[in-house]
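The values are calculated or read from the model by the stated rules, or taken from the named source; none is laboratory data. As the structure is a computational prediction, the values presented were derived from the model and not from experiment. Counting neighbours? That spans all protein chains shown, and the Cβs are built from the backbone with ideal geometry, glycine included. Surface areas here come from the heavy atoms of the whole protein model, side chains and all, with no ligands, DNA or RNA. Shrake-Rupley method; radii C 1.70, N 1.55, O 1.52, S 1.80 Å.
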Amino acid sequence: MKILGIETSCDETALSIVECSGDITKPEFKVTDAIINSQAKLHAEYGGVFPTLAKREHQKNLPILLEELLRRNSTSFDAIAVTQGPGLEPALWTGIVFAKELGEKWNIPVIPTNHMEGHIVSVLLPSLDKEGWRSRGVMNFPAIALLISGGHTQLVKVPSWGSYEVIGDTKDDAVGEAFDKVARILGLPYPGGPEISKQAALSRARQSQSPFICPRPMLHSKDFHFSFSGLKTHVLYAVQKLTKNGQKLTEEQIQEIAHGFEDAVTEVLIKKTMAATEDTGALTLIIGGGVIANTHIRNAFETLCKEKDIILLLPTHEAATDNALMIAAAGYIKFLRKDFGGIDFKAEGNLAL
Ligand code: KG4
Ligand code: ZN
């Protein structure tokens, strides 16, 4: 079946066309087309996402993007999948209203979809136009999913597609949020993740260990929870100390702080995730969310999973950060489980998995 995916939970307006087949044990996807408009530049001056501006931009861009998508693909759809939550409620509403209107006009079902489930199933999606259908025959359950985004840091037990149990969560800032806040402290633009990663790589090319050592929050706690706000505060105090007489941070200092911060985050993510895979006997590790675009974190997990013989599933680059492909895929999983009611659903900013 052919699904139109719609994502408006944050600052990306995204639409996709995904062909879906297979049953719940082996869902398969073919990416036909995707279109995305990022508002990141508009929000940059606020240092984060400004909800009213996001809403206005989504409202303006949704019809424009749909027109473009339909111009490129003259096709009909069997269903629409739209993000119901979690996310910014005013932003979510724009996508939901748009989806419901289209659903009525085209007389097809509208499937409310969980954004975090989208990040989990994002690993099943092939690249746009390149790989055809992606079959994941090699994947074994149970799996653990690590979700690392701007709004979430979660460890989720996945006994089968469509069934999820959150076993670890952040106590304060999400990991992507920590990247964004540390970037701001260092005077780097929003979104901070890619900027920190670039700066860290420059220091890493000179030295394997940064002279700027950060604490490893909750590394030894016996649970699967995370905390990143202390790490951000550590960077803030260090920067205040280095600049207290009006000095500016040098380029080297920025690079070394980014390097030290990235190392600390990576170690905590690795340690907690590996403990969760051992504890649950997971055979597969899924990692989703914008932060997995980070090369250092990606490499660290790839090396370790190889060593420990764990199957590692990562999204393609375009499916890692917020997109509508993953929403279409998550909508298909819900469709297979017949897990959606009528059209009378609301945006839910704090929707749980
Ligand atoms: O999944 P996502 O696109 O949106 C949310 O659902 O939040 O994740 C966005 C987050 C931002 O905090 C951004 O800074 C972070 O992902 N991010 C990265 C990188 N690219 C994006 N963090 C670290 N390294 C990167 N290369
Ligand atoms: Zn996301």
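A few points about this structure:
- Packing order of peptides 272-281, 241-250, highest average first: 272-281, 241-250 (average count of other Cβ atoms within 10 Å over each peptide's residues).
- GNM top mover of L69, L92, L269 - the chain, alpha-carbon springs below 10 Å: L69
- Surface accessible to a 1.4 Å probe, per residue, for the residues of region 85-227, Å²: 42
- One Cα centroid belongs to region 284-353, the other to region 250-281; the line between them spans 20 Å.
- Note on N140/S208: beta-carbon distance plugged into 1/(1 + (r/R0)^6) with R0 of 41 Å gives a FRET efficiency of 0.75.
- Gap separating the Cα centres of region 195-215 and region 86-122, nearest whole Å: 39
- At a probe radius of 1.4 angstrom, the accessible area of region 18-77 per residue rounds to 55 square angstrom.
- The angle between the Cα long axis of helix 325-336 and the longest principal axis of the Cα atoms of the chain comes to about 50 degrees, rounded to the nearest 10.
- Along principal axes, Cα extents of region 188-330, largest first, whole Å: 52, 36, 27
- Dimensions of region 195-244 along the principal axes, based on C-alpha atoms and rounded to the nearest Å, stand at 35, 29, 19, largest first.
- Mean separation of Cα contacts under 8 Å (6+ apart) over length of region 146-242, as relative contact order %: 28
- Cα-based Rg / Dmax (Å) for region 1-94: 14.6, 45
- Among the trypsin sites (Lys or Arg not before Pro) found in region 82-184, those both in a DSSP coil and sparsely packed, with 13 or fewer other Cβ atoms within 10 Å of their Cβ, are K130.
- Over 26 Å between alpha carbons, listed pairs K272/K334; K30/K198; K198/K232; K181/K308; K55/K232; K30/K338: K272/K334; K30/K198; K181/K308; K55/K232
- For the chain, the pair-distance distribution built from all alpha carbon pairs, in bins 20 Å wide starting at 0, is 31, 56, 13, 0 percent.
- Accessible area of the chain belonging to carbon and sulfur atoms, whole % at 1.4 Å probe: 51
- Tilt relative to the chain, helix 89-106 - C-alpha long axis, 0 to 90 degrees, to 10: 20
- In Å², nearest 10: area of D344 left accessible to a 1.4 Å probe: 140
- Percentage relative contact order, the chain, counting C-alpha pairs under 8 Å, at least six apart: 25
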